[in-house]
């Protein structure tokens, strides 16, 4: 490669790193996986190291990863929020540790989210800011209040306190959001976290289920004019990132391996481990360079990927019309499972990665994340590979597709598209909705293909044991079980019916809020208008408009009538109605904020009580149930087999721990048990 070519390549890579930084840190979107981003930046770093005279003046190297410009109001950090140097080998970790003989190191999970700073003044929340450029952060206080439900609004120390850590989206939250919003899924939890704090309407994001979890790395409080004093984040209501102390390079590497072995079992993504000098004085003495502290380093785990052949691409139609590409690959064992189907995310990624049918591709799987194609191996091509072309017309109904969004996704606008209808039928039968336990997707698809199932009401009016027994491999017992399961699902009620209708932008939480707002049946909700819906707590204009538009469709009105005629219960159930606070006036739980942990057993029947049922009873006793212990928590309601984390935090914060016997007595006193 000539010097001219090298200079052009450096300019190209610099521009690409800036583009990706702007997309991820500025807009919460990323066109490529983290490993691909690292590869681009590593190539740029290597070329600049060999040819430093060719590095552009505005090079993104030796700077904190950040967008070119911050969009909102900003604040200067008291101390810079820097990136970390990267290590990919145990030798590099050993070299780092040997620079500081006799020191103790802190090894923690490297969380895959968004670094933020949370500042308190006088015991009250002052502001929340992103890392931004490292020196200057973007203020996102109002957004954080909505999407970080466990964020303490008040703390006990009255001095200035700064808590730094990572906001992330858990895998379960990400999966639940994508299940409910197939029209606009999040590529992965990492993008989900960044994008959520970039949303203009954070309230709408929260009510749509885009909630984040925050782990603190550490906290400091200002004492007079001296150096800030380190304090325990857990003592002021924050969840602390898991940490291990080690005093030798061998112990540090062992701790890194331990984190690696358990990362697939976590409900959040980590992409490595952070090794840091434990003593604050030693860390400060190590100093800093322009973008990184010298007293810390990040070990990045190698991506979990295996090579295989990309055999074909299927374009699947979702229940609201999104056409998603799915690749068929030669079976390959990766991430603990055998994978045959992988996601390609969207047409833009297919085009940018130049993926072709017949390519050798790297299949990546981390934890429970859906396997995806991370890259292809162009040098293995023999000329027989075929370019992947997105369809112009719907694979199901032939309607011309629309192109929407930055992912260049294809959408079918035909609401009567057979594939969309089938997906909506599957969703109605799913556990969160009608919960037709004996009715599988394969049978729904078969019955829909045969023209028997065309609407949700058809489950109740057309499926009989005689009909089902006409199919191969369907015996009398199986047929009767399926019909019984359908009949049992008639008692669906308003909340689960709203979930089953798959209203765009309306999550499970929206269904619950509509019930708590006093709507008695589905017809009441269908008659609602935008102004009255936006008065409901946590329902914003966009969600309200979507709900109203959905029920204005004639086919929806017809289907409600057909469900009623079939005997399906579309009225609000007692457990979903608003709490009668007056009736719970004698409840010891009235007005209290509680956290529920452990397993519960009904003392009258000896039956186990699920967490949702226990939460419902506690709320009927006029308490507010939250997910994590903070200084705002009044009681930790502890059942059997309680984990140590919440009880330890409750003890630290002087939160009263209420045992199961006392809780059941309180519920009985409130008249809800």
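The values are calculated or read from the model by the stated rules, or taken from the named source; none is laboratory data. Note that the coordinates shown come from a computational prediction; the quantities given were computed from them, not determined experimentally. As a convention, Cβ positions derive from the backbone with ideal geometry for all residues, glycine included, and neighbour counts pool all protein chains shown.
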In the range 615-634, the residues that are closer than 24 Å to residue 577 by Cα and touching a residue at least 24 places away in the same chain (Cβ under 8 Å): 616, 617, 618, 619, 620, 621, 622, 623, 624, 625, 626, 627
Condition check for residue 413: under 23 Å from residue 573 (Cβ atoms), at pLDDT below 90 and outside any helix (DSSP H, G or I): no
Those residues of the range 298-318 which are buried (at least 16 other Cβ atoms within 10 Å of the Cβ) and part of a loop (DSSP other than H, G, I, E, B), in sequence order: 301, 303, 304, 318
Residue identified as assigned to a loop (DSSP other than H, G, I, E, B), modelled with pLDDT of 85 or more and exposed (fewer than 15 other Cβ atoms within 10 Å of the Cβ) among 606, 671, 591, 567: 567
Subset of the range 146-184 [more than 24 Å from residue 118 (Cβ to Cβ) and either touching a strand residue (DSSP E or B) at 6+ places or on another chain (Cβ under 6 Å) or free of Cβ contacts under 8 Å to residues at least 12 places away in the same chain (or both)]: 178, 179, 182, 183
Pairs with Cβ under 6 Å, 6+ apart, first in the range 657-673 and assigned by TED's automatic domain parsing to the domain that holds residue 614 and without any contact (Cβ under 8 Å) to a residue 24 or more places away in the chain, second buried (at least 19 other Cβ atoms within 10 Å of the Cβ) and part of a helix (DSSP H, G or I): 657/650
Pick from the range 617-631, criterion outside any loop (DSSP other than H, G, I, E, B) and in contact with a strand residue (DSSP E or B) (Cβ under 9 Å, 6 or more places away or on another chain), ranking: modelled with the lowest pLDDT: 626
Any hit, the range 394-404, residues being out of contact with any strand residue (DSSP E or B) (no Cβ under 6 Å at 6 or more places or on another chain), over 30 Å from residue 306 (Cα atoms), surrounded by 19 or more Cβ atoms within 10 Å (Cβ to Cβ) and not assigned by TED's automatic domain parsing to the domain that holds residue 174: yes
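Conditions (1) exposed (fewer than 15 other Cβ atoms within 10 Å of the Cβ); (2) touching a residue at least 60 places away in the same chain (Cβ under 8 Å), marked per residue:
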position: 421; (1), (2): no, no
position: 442; (1), (2): yes, no
position: 447; (1), (2): no, no
position: 456; (1), (2): no, yes
position: 468; (1), (2): no, no
position: 473; (1), (2): yes, no
position: 479; (1), (2): no, no
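Residue by residue, here is whether (1) over 34 Å from the mean Cα position of the chain (by Cα); (2) closer than 28 Å to residue 524 by Cα; (3) assigned to a loop (DSSP other than H, G, I, E, B) holds:
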{"residue": "442", "(1), (2), (3)": "no, no, no"}
{"residue": "451", "(1), (2), (3)": "yes, no, yes"}
{"residue": "455", "(1), (2), (3)": "no, yes, yes"}
{"residue": "479", "(1), (2), (3)": "yes, no, no"}
{"residue": "486", "(1), (2), (3)": "no, yes, no"}
{"residue": "496", "(1), (2), (3)": "no, yes, no"}
{"residue": "506", "(1), (2), (3)": "no, yes, yes"}
Members of the range 550-564 found to be part of a helix (DSSP H, G or I), within 22 Å of residue 417 (Cα to Cα) and more than 27 Å from the chain's Cα centre (by Cα), listed by number: 551, 554, 555, 556, 557, 558, 559, 560, 561, 562, 563
Count of residues meeting criterion [touching a helix residue (DSSP H, G or I) at 6+ places or on another chain (Cβ under 7 Å) and closer than 25 Å to residue 620 by Cβ] in the range 641-672: 3
Selection within the range 95-117 - more than 21 Å from the chain's Cα centre (by Cα) and in a strand (DSSP E or B): 105, 106, 107, 108
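A quick yes/no check of all residues on (1) surrounded by fewer than 19 Cβ atoms within 10 Å (Cβ to Cβ); (2) closer than 22 Å to residue 274 by Cβ; (3) modelled with pLDDT of 75 or more:
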| site | (1), (2), (3) |
| --- | --- |
| 27 | yes, no, no |
| 46 | yes, no, no |
| 49 | yes, no, no |
| 66 | no, yes, no |
| 69 | yes, no, no |
| 81 | no, yes, yes |
| 91 | yes, yes, yes |
| 96 | no, yes, yes |
Total residues in the range 521-546, condition in contact with a helix residue (DSSP H, G or I) (Cβ under 8 Å, 6 or more places away or on another chain) and in a loop (DSSP other than H, G, I, E, B): 7
Candidate set from the range 360-371 (those that are under 18 Å from residue 314 (Cα atoms) and surrounded by fewer than 22 Cβ atoms within 10 Å (Cβ to Cβ)); member that is modelled with the highest pLDDT: 360
Selection status of residue 122, without any contact (Cβ under 8 Å) to a residue 40 or more places away in the chain and over 30 Å from residue 251 (Cβ atoms): yes
Qualifying residue in the range 121-129 (condition: part of a strand (DSSP E or B), touching a helix residue (DSSP H, G or I) at 6+ places or on another chain (Cβ under 9 Å) and closer than 26 Å to residue 272 by Cα): yes
Residue among 445, 379, 449 that alone is in the same structural domain as residue 352 (by TED's automatic domain parsing) and either under 17 Å from residue 319 (Cβ atoms) or out of contact with any helix residue (DSSP H, G or I) (no Cβ under 6 Å at 6 or more places or on another chain) (or both): 379
Count - residues of the range 632-641 that are surrounded by 18 or more Cβ atoms within 10 Å (Cβ to Cβ) and modelled with pLDDT under 80: 0
